[in-house]
Amino acid sequence: MALLLMVPVHAQEEEAVSFETVLSKNTLGINERLRVEFTMNKDGDNFQPPDFEGFRVIIGPTQSISSSWINGVRTYSKTYSYTLAPMARGTFTIKQATIVIDGITYKSLPEKVTVTAAVDKPSDEKNVDDIASENLHLVAEVSKTDPYLNEAISVVYKLYVSPAINVSDFRPLDNPKYNNFWSQDLPLNRYTVENTTYDGKPYRYVILKRVVLYPQKDGKLEIEPLSLDVTLEVPTDKRDFFGRRTYTQTNMTVSAGRRSISVKPLPQNGRPESFQGAVGAFEFSVNTSKKVLNAAESLQAKVTVKGKGNMKLFQLPEPSLPSALEVYEPEFKEKIRTSLSGMQGEVSNQYTIVPAYRGKYPIPSITFSYFNPETERYESINSEEITINVLEGPQREGSEPTTSVTTRQPINVEGGSQFNFIKLKANLQEKGYRFFFGSTAFYFWLLSPVLLIPIAIMFGRKREAIARDVEGNKVKRANKLARKYLYKAKKALGNKEAFYVAMEKALHNYLKAKLKIETSEFTKDKISDLLNKKGVDGETTKGFIGLLQNCERARYSPFSNVQMKQDYSNASDIISAIDKQL
């Protein structure tokens with residue numbers, strides 16, 4: 001009877017519900033993976049995982065169920081598994097997960113995980129992302145990490161791919177912003193795949209982006225990373241029917257990483273007064289189209305700098321000319337090509353000069369100074385003095401032409417005597433006196449108010465018509481404001497912010513005057529359409545839009561005095577061209 005009583009007691013015992021968290025390890029390197037399993041001994045519903053703060057989920061959740069009967073006893077196990085990658089070093093908590101079993105909610109216990117620095121040999125199994133990260137690398141190759149201020153450096157972004165994987169597509173996620181650098185992209189016509197080695201292993205690479213940078217500030221500067229989303233195919237351990245290894249497709253984000261540049265300031269010792277920011281290796285010359293001419297004829301004086309360096313970022317020296325020569329605003333020209341080694345070519349200012357008087361006028365020697373980063377010293381070039389010989393024309397008052405020779409002329413007196421006597425007795429005659437009353441002038445002033453009445457009426461009507469012309473008055477005010485702000489822009493040359501604010505206001509008010517549109521309606525597309533409809537040619541329209549874009553870019557990009565002068569000159573030319581075409 002005792003045995004019979006014990007059997008039903010065991011049959012009625014129920015196994016207690018368990019729900020727990022199992023970690024593959026409690027301490028791991030930042031380059032390792034963590035496997036987290038949530039295991040229960042009874043089937044449940046509505047599983048809720050934690051948020052895995054500090055980790056990125058690589059794989060999961062995957063679900064597995066195990067059920068068996070041993071000696072008449074049933075065992076059951078259900079597991080939710082995750083593979084995690086740590087995102088930072090430190091101590092993190094795998095928080096509680098929840099499951100509902102038989103209508104009761106159970107919670108797992110939280111677990112602490114410590115993430116250390118990267119380890120040399122990660123111990124966990126490699127998954128698809130591991131294989132991809134080991135065989136795909138985005139690298140930013142910087143030509144020089146310690147340039148001088150305004151010295152050119154290049155950054156080339158290369159994507160290295162191992163033969164073990166295949167890349168099918170990529171797209172940029174975040175293009176770097178080159179703060180405190182003057183930058184110029186070198187466009188790529190097509191992507192070319194080349195063979196190379198990376199860490200001693202065979203790889204293929206493709207150049208994705210090339211950019212030339214000129215640092216505009218000394219000290220430690222950061223180059224932001226370029227990030228890509230890459231679609232690639234990674235081999236697996238499985239094989240197809242013919243025994244070939246199968247591939248699985250995955251996406252991976254790769255980054256070139258931040259690069260730090262230490263920019264050296266230009267030395268103060270030995271800096272000449274004529275230095276205006278040129279850095280590189282240059283040639284300098286001043287030439288004139290003619291040296292002998294007549295007054296009122298014109299000649300061209302050309303100030304030219306050739307070489308390799310920051311060609312767009314310095315100001316050309318100006319000639320000091322005699323006041324007797326009328327000099328017009330220079331025409332700036334540039335022939336510059338940019339490669340990975342930087343800008344090279346020539347820039348010039350061409351002055352039109354018109355002499356007003358005859359004589360000889362010297363154009364003094366001009367000094368151009370630059371810093372050569374190769375020799376690490378300043379160098380100066382002096383132009384030759386040029387003499388302009390004006391042969392014919394009026395003589396300047398108070399001076400004589402330098403080519404004339406002064407000669408004395410004899411004084412001839414009639415009668416052969418060199419002395420004449422002054423008359424002592426005056427022969428004076430009395431003139432008649434005319435009264436104003438009754439004269440012609442008297443009657444003119446008497447009738448003038450009557451004559452002015454119709455003129456005043458006509459003038460008043462004209463003023464009323466002008467006052468009623470609201471649209472015309474707006475146009476006049478806008479035209480006046482355009483001239484005002486264009487004049488302000490000229491006065492602000494050298495001050496980037498003030499110059500481009502005044503320039504933008506001038507362009508906007510000019511359009512309001514010519515196209516009769518409100519400021520709120522300004523868009524570049526609408527401006528282009530309106531100018532085209534008005535018969536303005538495409539080149540002039542493109543130039544106008546380019547000036548507006550320069551005004552916008554000037555808020556966050558460095559602009560040199562040379563560029564400001566060029567933009568001012570372009571604005572005057574384009575406004576004149578639009579006036580003619582309209």
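Derivation of every value follows stated rules applied to the coordinates shown; laboratory data play no part. Predicted model, so just to flag it, every value in this text is computed and none were measured. Cβ coordinates were reconstructed from backbone atoms using ideal geometry, including for glycine residues, and neighbour counts include every protein chain displayed.
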Query raised in the report: In the stretch 15-124, how many lysine pairs have Cα atoms under 16 Å apart, counting only pairs 8 or more places apart or on different chains?
Result: 8
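How do Asp229, Asp525 line up, fewest other C-beta atoms within 10 Å first?
Working: Asp229 14, Asp525 8.
Lowest to highest Cβ neighbour count: Asp525, Asp229.
So what is the relative contact order of the stretch 129-263, in percent, for Cα pairs below 8 Å that sit 6 or more residues apart?
On the way: 315 pairs, mean separation 43.3, N = 135.
Worked out over the stretch 129-263, it gives 32 percent.
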Query - Sorted largest first, extent of the stretch 129-263 alpha carbons per principal axis (Å) - result: 63, 28, 25
Requested in this report: Quick one: what are the phi-derived ³J(HN,Hα) couplings along the stretch 456-463, Karplus 6.51/-1.76/1.60 with θ = phi - 60°, whole Hz, x for glycine and proline?
Outcome: 5, 5, 4, 4, x, 5, 5, 5
Query - Cα-based Rg of the stretch 276-390 normalised by 2.2 N^0.38 Å, two decimals - result: 1.18
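Pairs of alpha-carbon atoms within less than 8 angstrom and 6+ residues apart define the contacts here; what relative contact order does the stretch 226-289 have, in percent?
On the way: 49 pairs, mean separation 17.8, N = 64.
Once normalised by length, the contact order is 28 percent.
Is the shape of the stretch 214-309 best called rounded, prolate or oblate, per the rule: a/c under 1.5 gives rounded, else a/b larger than b/c gives prolate, else oblate, with a ≥ b ≥ c the square roots of the Cα gyration tensor eigenvalues?
Details: a/c = 5.87, a/b = 2.60, b/c = 2.26.
Prolate is the answer for the stretch 214-309, as a/c is 1.5 or above and a/b outweighs b/c.
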Report summary line: Rg/Rh over Cα atoms for the stretch 45-107, Kirkwood Rh, comes to 1.09
Query raised in the report: Once amide H atoms are built 1.01 Å from N in the peptide plane, which residues 5 or more positions from Ile386, or in another chain, come under 5 Å H to H?
Result: Ile363
Report summary line: Applying the gyration tensor rule to the Cα atoms of the stretch 15-124 (axes a ≥ b ≥ c; rounded if a/c under 1.5, else prolate if a/b exceeds b/c, else oblate), the class is prolate
Query raised in the report: Which ³J(HN,Hα) values, rounded to whole Hz and listed in residue order, are derived for the stretch 490-505 from phi using the Karplus coefficients 6.51, -1.76 and 1.60 in 6.51 cos²θ - 1.76 cosθ + 1.60 with θ = phi - 60°, glycine and proline given as x?
Result: 4, 5, 8, 4, x, 9, 4, 4, 5, 4, 6, 5, 5, 4, 5, 5
Query raised in the report: If the label point is 7 Å along Cα→Cβ of Ser143, which residues in the stretch 280-324 have backbone nitrogen under 14 Å from it?
Result: 280-281, 308-311
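Sort Trp69, Trp445, Trp182 so the one with the fewest other Cβ atoms within 10 Å of its own Cβ comes first. Working shown, then result.
Numbers: Trp69 8, Trp445 11, Trp182 20.
Starting with the residue having the fewest Cβ neighbours, the order is Trp69, Trp445, Trp182.
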**Report entry** Sequence-separation-based contact order of the stretch 276-390, relative, with Cα cut under 8 Å and 6+ spacing, percent
**Finding:** 33 percent
Report summary line: For the stretch 186-203, Karplus-derived ³J(HN,Hα) couplings (6.51, -1.76, 1.60; θ = phi - 60°; whole Hz; x for glycine and proline) come out as 9, x, 9, 6, 7, 8, 10, 8, 10, 8, 7, 10, 9, 6, x, 10, x, 9
